[in-house]
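See structure below.
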Amino acid sequence: MHNKFTYLLIDIATILVPFVFSFYHKINFYKTWRAYWPANLLVTLIFIAWDMLYTKLGVWGFNESYICGIKIFNLPIEEVLFFICIPYASVFTYHCLKLFFNSIQLPTTLISIVLSSLLLITGIINFDKLYTAATFISMSLLLTVVGILRKQEWLKNFFLTYLLILIPFFIVNGILTGSWIDEPIVWYNDNENLGIRMLTIPFEDTFYGMLLLILNTWLYEYFLQKRS
């Protein structure tokens with residue numbers, strides 16, 4: 001059964017609980033909004049441009065049966081909201097981990113080296129696949145900068161956050177790509193990716209999501225430090 005508000009409801013469900021708890025006195029995430037919203041705006045603009053290009057090229061597209069019909073150029077409004085709602089939930093979780101579990105240690109440099117190397121090699125080998133190459137090489141370069149060259153302290157909490165949100169990631173992305181519903185909300189051209197699916201989720205989505213969220217977190221930390 002198709003519902004034109006399915007994607008919109010997914011966006012709302014993703015941000016609703018984090019938004020409400022942003023005002024909880026032991027969390028007070030709303031007090032960091034002056035750092036979060038500029039960071040999110042910059043990253044959202046980058047990803048909208050990327051999304052518009054890949055939609056035009058047919059790397060992916062959207063099922064009209066599950067979107068309300070309002071578009072910004074060639075993107076459904078729900079897709080634009082995705083770049084706001086998902087990072088909000090992620091950075092909120094990151095903020096909470098910093099508050100309550102900041103003492104946990106991780107070998108972030110080693111993780112960055114291994115992950116960056118594997119992504120770079122895979123991206124180069126599959127350079128003819130637009131989604132794979134762009135996502136993996138971009139993620140590799142970013143990890144090289146923040147995790148190897150600059151050794152950013154916040155990366156520890158980011159990795160923990162990303163591990164924690166993988167479960168809701170698979171639920172949300174699973175629905176978007178066709179798990180548990182009749183058809184995918186977002187379809188992919190498998191000629192432009194590895195063709196490896198986790199249920200219905202392209203393998204590349206794991207690192208596309210990581211790229212989106214690590215950029216939001218990096219700029220969020222930058223603006224936090226700048227304000228302090």
Charge sum, other residues only, whose C-beta stays under 15 Å from L211's C-beta, Lys/Arg counted +1 and Asp/Glu -1: -3
Between the range 98-116 and the range 185-228, the alpha-carbon center distance in angstrom: 18
Sites R197 and A49, calculated FRET efficiency, Cβ-Cβ separation with R0 22 Å, nearest 0.05: 0.25
Charge tally in the Cβ shell below 15 Å around I15, where Lys, Arg are +1 and Asp, Glu are -1, I15 excluded: -3
Mean Cα-pair separation over length for the range 79-174, i.e. relative contact order, pairs under 8 Å, 6 or more apart, %: 33
Largest to smallest principal axis extent of the C-alpha atoms in the range 1-96, angstrom: 44, 32, 18
Hull-based mean projected area of the range 47-107, where the convex hull spans the alpha carbons, in square nanometres: 6.3
Share of carbon and sulfur in the accessible heavy-atom surface of the range 92-195 [1.4 Å probe, %]: 68
Cα Rg, Dmax, the chain, angstrom units: 17.5, 51
Cα-projected label distance for S179 with I70, points at 7 Å along beta-carbon direction, nm: 2.9
Choice from M52, M198, M210 showing the highest fluctuation, given a GNM over the chain with Cα pairs closer than 10 Å: M198
Rg [Å, one decimal], Dmax [Å, integer] - the range 88-158, C-alpha atoms: 14.1, 44
Global form of the range 113-194, assessed from the alpha-carbon gyration tensor, a/c cut-off 1.5: oblate
Between the range 1-54 and the range 129-184, the alpha-carbon center distance in angstrom: 16
Rel. contact order, % - alpha carbon contacts under 8 angstrom, at least six apart, the chain: 29
Set of the range 190-228 residues, backbone N closer than 14 Å to the point 7 Å along the Cα-Cβ line of K98: 214-228
Which listed pairs, of K31/K56; K156/K226; K31/K156; K71/K129; K4/K56; K56/K98, have C-alpha distances above 32 Å, in listed order: K31/K56; K56/K98
Average accessible area per residue (Å²) across the chain - probe 1.4 Å, nucleic acids and ligands excluded: 50
GNM flexibility winner over the chain from L45, L149, L53 (Cα, springs under 10 Å): L149
Calculated over the range 118-163: convex hull of Cα atoms, volume per residue (Å³): 69
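The values are calculated or read from the model by the stated rules, or taken from the named source; none is laboratory data. Quick caveat: nothing in here was measured; it's all calculated off a predicted structure. As a convention, Cβ positions derive from the backbone with ideal geometry for all residues, glycine included, and neighbour counts pool all protein chains shown. Ligands, DNA and RNA are excluded from the accessible area calculation, which covers all protein heavy atoms including side chains. Shrake-Rupley method; radii C 1.70, N 1.55, O 1.52, S 1.80 Å.
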